[in-house]
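One structure is given below, encoded as structure tokens.
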Amino acid sequence: MSEQFSRSTTVAVAQPPQESAADALSAAVDRAVLAPSLHNSQPWRFTVHADRLDVRADRTRHLRTIDPSGRELVQSVGAALFNARVALAARGWAVDVQRRPSPADPDLLAVLQLVDGPPDPGLAVLDALVARRRTNRRTFDATVPTDAELRSFTAAAVAEGAVLIPVLTGEQHRLVARLTQGADAEQRADPAYLAELARWTNRAPAEGDGIVAAAVPHVDGSARDDVPMRNFDTRGDASLPPSSGLGTERTLLVLGTRSDDEEAWLRSGEALQHVLLEITRAGWAASPLTQSVELPVTRIELRAGLTWDTWPQTILRIGHAGPTGAPPRRQRADVVSG
Ligand SMILES: Cc1cc2nc3c(=O)[nH]c(=O)nc-3n(C[C@H](O)[C@H](O)[C@H](O)COP(=O)(O)O)c2cc1C
């Protein structure tokens, strides 16, 4: 068993807070920045106040070609917000979360206000998993989660106001495969998409962001994946094996929300991170495959054929695989003030 999954999950037991509110909020930022984000763009900023944390969108880091509406930017911030909620619960703090509290300040996506009361024990136990979770783009083996594991992943999405729909039948799998292939081909035919991808895969190490070659497959044409991973190998120097290991028997999950406004996007990011931490807790690896939810036409087709009354927000593939290294993160001073 790999190092990544052999360590037992430390169950955090929330104690009455022994630290100042400002110290707890500051520690929550350290956890928040470990969240997944589109192309590792880390489009967030935080302001630590005496008794609250402001979580903001950093629209200077908006990937306008792949994500014109900013949906995935807001999702990424939602994932960071979830990590902060988890960290505060683990440190013994109860919080009131206000989402998009000020129409006059649309970049303020959430405020975490410390309040009296017990912390959420369900969140506290996830804290030890935040630093272990990774987007894993290695070849996955053919094992599938048990029904009980799938139920726990689904419950994590529901807890955040979202739904998680397993792709169960061969017909559903073929639909996801066809739509992902079509969206992927359309994106790769767009010079602006390729230019944006190149910008986010060839970052100077000092930037502390973007996708590094060590975290992505080397695409040499040998993979015949029916649900293709995004080709981040823009310079031919990537190092992971080319195949995702996907086939009709592999596990795909679609995360969806009933509405499709900015609050739904934020909640879908919280749900994504909750699901990913449960997947990590259960010893599985995962990676998002989001091409088909990025193009309006394929997204609508996915909804019509699979998710019906919910908007697809993310697709995840799950499997077992060896560990993958920690991706870069920006300097703390660049993302936090106060
Ligand atoms: C909204 C969103 C969309 C993503 N889409 C993809 C994707 O299509 N393919 C992929 O390999 N990773 C995808 N990712 C994963 C990010 O690339 C990853 O989170 C980022 O590189 C940081 O790495 P980490 O998750 O290991 O911390 C996505 C993440 C988010 C939040």
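How far apart, in nm, are two points set 7 Å out from the Cα along the Cα-to-Cβ line at Ser69 and at Gln98?
Distance between label points: 2.7 nm.
How tilted is helix 21-32 with respect to the longest principal axis of the chain? Cα atoms for both, answer in degrees (0 to 90, nearest 10).
Here the helix axis deviates by roughly 0 degrees.
Mind computing the radius of gyration and Dmax over the alpha-carbon atoms of the stretch 3-133? Å is fine for both.
Just the Cα atoms of the stretch 3-133 yield Rg and Dmax of 15.1, 48 Å.
Run the numbers for Ser243 and Thr60: contour at 0.36 nm per residue of separation, minus the present Cα-Cα distance, in nm.
Working it through step by step, the gained length comes to 62.5 nm.
Please list, short to long, the whole-number percent of alpha-carbon pairs of the stretch 147-319 in consecutive 10 angstrom bins beginning at zero.
10, 35, 39, 16, 1
How large is the direction-averaged shadow of the alpha-carbon convex hull of the stretch 215-272, in nm²?
Numbers: hull surface 22.8 nm².
Result: 5.7 nm².
Add -39500 (n - 2.57) for each DSSP H run of 4 or more in the chain, then divide by its residues: what number comes out at 222 nm, to the nearest 500 deg cm²/dmol? Intermediate results must be reported in sequence, preceding the final value.
Numbers: 11 runs with 118 residues, N = 338.
After summing the helix terms and dividing by the residues of the chain, the value is -10500 deg cm²/dmol.
Please work out the C-alpha center-to-center distance from the stretch 43-105 to the stretch 300-338 and express it in whole Å.
15
So what's the angle, to the nearest 10 degrees on a 0 to 90 scale, between helix 71-90 and the longest Cα principal axis of the chain?
40
Rounded to the nearest 5, what % of DSSP beta bridges with both residues in the chain are antiparallel?
Working: 31 of 35 bridges.
Just about 90 percent of them are antiparallel.
What is the Cα radius of gyration of the stretch 142-224 over 2.2 N^0.38 Å, N being its residue count? Each step should come with its number before you reach the end.
Working: Rg = 17.7 Å, N = 83, 2.2 N^0.38 = 11.8 Å.
Normalised Cα radius of gyration, the stretch 142-224: 1.50.
How large is the Rg to Rh ratio of the chain when both quantities use alpha carbon positions and Rh follows Kirkwood? Walk me through the numbers before you get to the answer.
Working: Rg = 19.0 Å, Rh = 20.1 Å.
Ratio of gyration radius to Kirkwood radius for the chain: 0.94.
First obtain the Kirkwood hydrodynamic radius of the stretch 286-332 from its Cα pairs, then insert it into the Stokes-Einstein equation at 4 °C and 1.567 mPa s, and state the resulting D in µm² per second as a whole number. Provide the component values of the computation, followed by the final result.
Numbers: Rh = 13.0 Å.
Estimated via Stokes-Einstein, D reaches 100 µm²/s.
Using a 10 angstrom cutoff on alpha carbons, build the Gaussian network for the chain and name the most mobile of Gly182, Gly247, Gly236.
The residue that fluctuates most here is Gly236.
Could you work out which residue, out of Arg281, Arg138, Arg258, moves most in a Gaussian network model of the chain, that is, has the largest mean-square fluctuation with Cα springs under 10 Å?
In the Gaussian network model the winner is Arg258.
Values in this text are rule-based calculations from the coordinates and carry no lab data. Owing to the predicted nature of the structure, the values given are computational and were not obtained by experimental measurement. Reconstructed Cβ throughout: ideal geometry from the backbone, glycine too, with neighbour counts over all protein chains shown.
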